[in-house]
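The values are calculated or read from the model by the stated rules, or taken from the named source; none is laboratory data. Only a predicted model underlies this, so the values are computations on that prediction, with no experimental measurement involved. As a convention, Cβ positions derive from the backbone with ideal geometry for all residues, glycine included, and neighbour counts pool all protein chains shown. What goes into the accessible areas is simple: the full protein's heavy atoms, side chains included, and nothing from ligands, DNA or RNA. Shrake-Rupley method; radii C 1.70, N 1.55, O 1.52, S 1.80 Å.
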Amino acid sequence: MRRRQKIRLGTFVTALVLVTGWGWYQSHQSLSAVQPAVLQAENDNERALYDLADTVSSLTTALQKARYAATPTLQSALLCQLISSSSGARQALACLDTSGESTGNVSKFFSQVEDYSVMLTRQISQGQTLTQEQITAITSLTKYGEELEKALQQIMTDFDSGHLTLSDEALGFSQTSGEGAAFSDALDQAAESFTGYPTLLYDGPFSDHILQEEPLCLSQYSEVTAEQAAEKAGNLDLGTGYSWEAGGEENGRLPCYVFQSGENRLRLTKAGGLLLSFSNPRDIVEEKLTGEEALEKAREILPALGFSDMQESYYYVADGVCMCLFFDKQGDVLCYPDLVKIGIATDDGSLVRVEAAGYRMNYQKRTALQPDLTAAQAQAVLSPQLTVLEAPFLCLIPSPGGSERLCWEFHCQGQEKEELLLYVNAKTGMEEQMYELQYSDSGTLTR
């Protein structure tokens with residue numbers, strides 16, 4: 001072999017070794033970086049799996065006992081256990097981040113057990129006993145809890161024996177190998193039994209009746225055609241420069257026709273062709289009006305939009321738009337569910353936003369708005385650490401489940417000069433809600 005050929009061959013071999021070695025080094029470095037993440041993900045999933053099994057077992061046990069407890073003391077203790085266990089189970093399931101869609105039914109089960117227990121605890125604290133219908137509901141929940149516990153026990157057995165492995169798709173890793181099934185598939189299969197889950201009707205945010213409600217305000221109106229809605233859109237006094245064109249339809253709890261004029265958007269209800277929302281998203285560079293001046297503009301606009309007998313509450317300014325909150329008032333009672341938001345541009349006082357979904361969903365002429373407690377009797381319920389700043393008044397507030405409660409509203413000041421709104425039930429004397437008022441240059445908010 002010639003000297004030149006030997007040199008070329010040696011150079012090629014050296015380069016090959018260097019490239020191969022560099023590739024091995026890079027692969028080793030990547031693997032070294034990946035392994036801790038894989039182990040961490042596996043440990044996190046394993047911990048969440050054991051937490052889920054433990055909390056479901058505790059939940060089921062409490063459900064089994066709750067249907068037989070007869071005294072308020074034991075009932076309250078078991079309901080507190082249910083609240084804690086269902087909350088923990090929901091959090092553990094969320095940590096597993098499973099991909100199966102039907103596991104949403106399991107999460108809903110945990111949420112409903114928790115919320116139903118909160119409602120029953122409140123009922124017991126008011127001196128009421130559990131009804132036979134509620135005991136039947138607990139029995140139904142118990143059966144589903146037992147099914148889920150049994151399925152999780154099988155999953156744990158398969159996991160401990162190595163027949164089932166965990167995976168973390170969010171990180172791009174999978175520990176599933178051979179014939180081992182993925183955890184998400186196993187839980188997804190267990191969740192299939194929840195497709196026939198019974199309807200729970202109660203006063204809570206996860207109650208099934210929330211999704212079954214019909215807009216009360218619209219029940220008296222017949223449906224208008226798209227052409228009729230277009231005519232109504234043209235007659236609305238929203239300002240100048242709008243030429244509305246059909247933009248489709250939306251179905252759901254508040255079916256509506258959609259209209260567009262450039263970037264501006266208008267929605268009218270199919271029932272009656274009433275104003276549901278309006279938005280003009282233009283930029284507002286210079287703020288000239290104060291909040292009070294914008295509020296006055298909103299008061300003037302309301303009647304032309306079809307809203308009367310409304311009372312303003314608070315306002316706040318964001319991105320140059322002053323959002324003014326108005327509520328329907330029936331007699332001496334302020335109806336908070338009947339909410340209309342009016343957005344006024346702070347540069348020229350023009351109308352740029354309307355949000356009336358709350359009003360369209362809830363407005364109705366109400367009866368039985370007479371309190372059983374006087375304002376003085378309701379005030380006696382308040383903490384002695386609070387000072388009432390102004391005369392209380394009657395109002396309707398929405399409960400978490402969508403019903404309404406007649407309350408006395410008290411504007412109070414605490415020991416640290418913080419201002420609070422408290423709502424005392426005008427029928428039962430129970431404290432229903434408490435909010436802290438936050439004042440700023442942008443307006444007033446509650447939390």
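Return a yes/no flag: does segment 69-76 have any residue that is assigned to a helix (DSSP H, G or I), open to solvent by less than 30 Å² (accessible area, probe 1.4 Å) and farther than 22 Å from M430 by Cα. The answer is no, given that none of the residues of segment 69-76 is assigned to a helix (DSSP H, G or I), open to solvent by less than 30 Å² (accessible area, probe 1.4 Å) and farther than 22 Å from M430 by Cα.
Inclusion of L351 among residues that are in contact with a helix residue (DSSP H, G or I) (Cβ under 8 Å, 6 or more places away or on another chain) and either open to solvent by 70 Å² or more (accessible area, probe 1.4 Å) or modelled with pLDDT of 95 or more (or both) is warranted. Listed here are the strands (runs of 3 or more DSSP E) enclosed by segment 217-272 that have at least 2 residues being open to solvent by 20 Å² or more (accessible area, probe 1.4 Å): 245-250, 264-269. Just to be sure before I move on: is L302 in contact (Cβ under 8 Å) with a residue 12 or more places away in the chain and surrounded by fewer than 20 Cβ atoms within 10 Å (Cβ to Cβ) in the structure I sent? Yes, satisfied.
Going by the structure shown, is G88 within 18 Å of F206 (Cα to Cα) and either surrounded by fewer than 23 Cβ atoms within 10 Å (Cβ to Cβ) or modelled with pLDDT of 90 or more (or both)? Taking the combined requirement at face value, the residue satisfies it. Within segment 384-406, the residues that satisfy the criterion of being assigned to a strand (DSSP E or B), touching a residue at least 60 places away in the same chain (Cβ under 8 Å) and not hydrophobic (A, V, I, L, M, F, W, C) are P398, E404.
Considering Q364, Q377, the condition of being part of a helix (DSSP H, G or I) and open to solvent by 20 Å² or more (accessible area, probe 1.4 Å) is satisfied by Q377 alone.
For segment 155-172, the set of residues classified as loosely packed, with under 14 Cβ neighbours inside 10 Å and at pLDDT 80 or above consists of T157 only.
When restricted to residues that are open to solvent by 60 Å² or more (accessible area, probe 1.4 Å) and in contact (Cβ under 8 Å) with a residue 40 or more places away in the chain, segment 407-429 contains 2.
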